[in-house]
Structure formats: C-alpha cells, structure tokens
1. Name the long-range amide H neighbours of residue 243: under 5 Å, sequence gap of 5 or more, or other chain; modelled H, no Pro or chain starts.
2. Residues with beta-carbon under 13 Å from that of residue 199, excluding residue 199: net charge, scoring Lys, Arg +1 and Asp, Glu -1?
3. Can you give me the pair-distance distribution of region 37-135, C-alpha pairs, 5 Å bins, whole percents?
4. Give me D for region 245-344 in µm² s⁻¹, whole number, from Stokes-Einstein with Rh from the Kirkwood sum over alpha-carbon pairs, 25 °C and 0.890 mPa s.
5. Local charge sum around residue 126 (other residues, Cβ-Cβ under 9 Å, Lys/Arg +1, Asp/Glu -1)?
6. Counting pairs of alpha carbon atoms under 8 Å apart in space and at least six apart in sequence, what relative contact order in percent does region 37-135 give?
7. Where does each of 253-260, 207-214 land if you order them by average Cβ count within 10 Å, highest first?
8. Pull up all non-local amide H partners of residue 339: gap of 5 or more, or a different chain, and H-to-H distance under 5 Å with H placed in the peptide plane.
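None of the figures in this text is laboratory data; all of them are computed from the coordinates on show. Owing to the predicted nature of the structure, the values given are computational and were not obtained by experimental measurement. Cβ placement follows ideal geometry from the backbone for every residue including glycine, while neighbour counts extend to all protein chains displayed.
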Amino acid sequence: MELSTLKLLSNNVLVVRVAILLTVLAVTPVRARPKLDVLVMNNGDRLTCEIKKLQFGQLHVKIDYTIGTVIIDWEKVRSIESPQRFVLENASGAYRTGVLREKEETEPSSPRRLEIVEGDVASEMEAQEVVWIGQLERNFVGKLTTKIDYGFTFSRANSQIQSTLNGSLEYHSEKRRIGASVSSLFAGQSDGTDTNRHNASASYFRYIGRKWLAGALSDFLTSDQQRLDLRTTLGSAVGRRFINTNRNTLSALGGAVWNREQFTPESGRVPVRNNGEALFGLEYSTFRFDSSEFVSTLMVFPSLTDAGRLRLNLDMSIYWDIVGDLYWRVSAFENFDSRPPAATPRNDFGVTTSIGWSF
C-alpha cells in the first residue's frame with residue numbers, strides 16, 4: 001500500500017503542475033467592471049449587477065452583496081440594460097457589439113428583443129435567439145472559462161487506489177475558439193501492476209463566416225493498457241456548426257493529421273510508427289439550467305499510410321451541479337485501434353468520477 005501510494009504521488013507531479021497552472025490562470029485577478037448593468041426579471045424583480053457572460057442559457061453575474069458568481073436562468077430575464085460594451089452571438093452565428101438597452105415593444109405578445117447600440121448605429125437581436133454574451137475590453141485571462149476536478153477511490157479489500165485529475169481551459173470570442181485540456185488516471189494496488197493513462201490536448205480555431213471554422217489541433221497520449229509510451233498527433237481541420245442554441249450544440253470536423261507512436265519496447269526493440277491519417281469528428285453537447293450538462297466527442301482516424309487501419313477516440317462526460325460553481329462529474333473514455341502492435345490490446349476503456357470547480 002505504501003509503495004503504491006508513493007508511485008501515485010510521483011506520477012502525479014507533472015499533472016499537478018499543469019493543474020496548478022490552469023488554476024493560476026483562472027484565478028489571476030482581473031480588473032472588475034463597475035456594477036452598472038440592470039436586469040429586470042419576469043416577476044418584476046430589478047437587479048443591479050456586473051454581467052460576466054451568457055453561455056448555455058446561464059447568465060453569469062456578480063453582485064455587490066454576494067460572494068462569487070450568481071447564475072441566472074436567461075429565460076427568466078425580461079429585460080437587460082447596460083452602458084458597458086458587450087459582444088453577442090445568436091443561434092445563426094451572427095455577432096453584434098455595443099451597449100445594451102431595453103427595447104420597448106409595441107405589443108405585449110411581441111418576442112423580447114435586445115437593442116445593441118454602437119456609436120450612432122443601433123441593431124436588434126431576439127433575446128431567445130442569443131446564445132452567448134461576452135464582455136468587451138477584457139484581457140485574454142479575463143475571458144477564460146476553466147474547469148478542474150479530482151477524484152480518489154480506495155478499496156481496503158485489495159489495497160487498490162485510483163486517482164483521477166482533469167483540467168480544461170476555453171477561450172471564446174467572436175473570431176476564434178481556443179481550448180486546452182489535460183487528464184490523468186492512476187490505478188495501483190500493493191500486489192498488482194500499476195496502470196497509468198495521461199492525455200493532453202490543445203486546439204485553435206478561427207471562425208470563417210457564421211457557421212464554419214478552421215484551425216489546428218494537437219493531442220498527446222500515454223497508456224499502459226495499450227503499451228503506448230507516447231502518441232503525438234498534430235493536424236488541421238475544418239468544422240461546421242449545425243446546432244447552436246442555449247440547450248444543444250452539434251459540430252462536425254474534417255481534416256488530416258500526422259502522428260508518431262512509440263510503444264513499449266519488446267525484445268530490446270522500440271516500435272515506432274509514423275502515420276498519416278484522415279480525421280472525422282463529431283462534438284455534441286446538451287445542457288439543462290442548474291441541473292446537468294452532457295458533453296461528448298467522437299474522433300475517427302482512418303489511416304492514409306496503413307490501409308485498413310482505423311483508430312477511434314470517444315470521450316463522454318456528464319456534469320451535475322451541486323451548488324454554485326461546484327459540480328460532480330462522471331466520465332467515460334474509449335480508445336480503439338484496429339491494428340495495434342502484436343500482443344497489445346485493441347482498446348482502452350474506463351469510467352471515472354470526480355468533484356470539480358468551474359471558474
């Protein structure tokens with residue numbers, strides 16, 4: 001038991017350092033805006049606050065007399081007014097920037113609309129079609145969305161330990177989308193073999209028009225289960241958003257990647273593979289206010305240099321809100337390889353649970 005614990009602590013060093021970096025970036029102080037934004041709720045309540053962002057149907061605001069961020073259901077906001085500048089995106093991918101002011105409707109049955117004023121130019125957006133609001137004039141760090149979670153289990157019967165650590169960063173603007181994530185799984189027992197799995201990825205995409213985007217991606221994976229010392233994947237892709245609402249998102253990707261694989265040595269030889277692959281991917285998310293979030297990503301890699309070989313990566317996560325920004329996460333992953341080196345398993349599958357905090 002003590003030996004396994006020491007190994008787990010030793011293996012966690014790199015991932016902990018990355019997690020600390022994510023946290024530092026997330027909590028780095030940024031200059032707060034004055035709390036001059038005004039919300040009027042459907043029940044008539046009037047709230048003066050600082051609007052941080054709107055995402056997934058959740059309006060994040062800060063109020064003088066509360067600690068942390070307060071989340072408000074966007075569907076329950078009747079009107080919004082602010083002298084400060086924001087950028088807004090609707091479901092069709094159109095963007096508007098400017099200050100917000102209440103739009104007076106001539107008929108009670110008319111859809112609620114937002115008026116966005118930039119200089120002498122005024123434009124409108126139907127409120128229920130708005131899927132994202134972000135502050136302008138904030139630095140890069142101030143616009144980051146961060147999640148970090150950790151899970152730990154121990155079984156006394158066989159002295160088995162499992163440790164899970166996940167972290168992610170996301171930056172969203174009207175021109176680009178940047179993401180980075182890291183995940184690590186350590187499992188060991190006093191009389192057994194330790195199993196480690198580490199994965200890190202990063203992506204940069206720039207929007208082309210309203211629904212298309214193009215960019216680059218990278219992924220780094222080690223897996224004891226598949227005897228994979230390191231798989232480095234680098235490539236580029238073009239994507240399209242098919243669904244983009246406050247409840248559901250669906251995007252598809254297509255492109256090409258290059259990867260270099262280094263497997264565990266066998267008989268004094270280190271198997272190394274260099275591959276060219278096509279890439280086809282799907283990303284789907286669904287959200288429920290103050291309840292749950294389901295996120296899934298499927299990536300399929302047909303080989304271009306090794307005919308008949310096919311790799312598949314599947315990641316799924318369900319987030320349940322506990323209180324405020326605290327959540328419980330259940331994740332599942334699957335890495336499949338139709339033609340691995342001899343005596344190497346074709347797939348690596350696992351399920352983890354963790355408690356986390358979003359910033």
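1. 250
2. On the way: positive: 197, 231; negative: 219, 224, 315, 334, 348.
Within the 13 Å Cβ shell, the charges total -3.
3. So the P(r) values, bin by bin, are 3, 13, 25, 28, 19, 9, 3, 0.
4. Details: Rh = 16.1 Å.
After rounding, the answer is 152 µm²/s.
5. Working: positive: 112, 113; negative: 124, 129.
Once all neighbours under 9 Å are counted, the net charge is 0.
6. Working: 213 pairs, mean separation 25.1, N = 99.
With pairs under 8 Å counted, the relative contact order is 25 percent.
7. Details: 253-260: 16.5, 207-214: 14.8.
Those peptides, ordered most packed to least, come out 253-260, 207-214.
8. Residues meeting the amide H criterion: 310.
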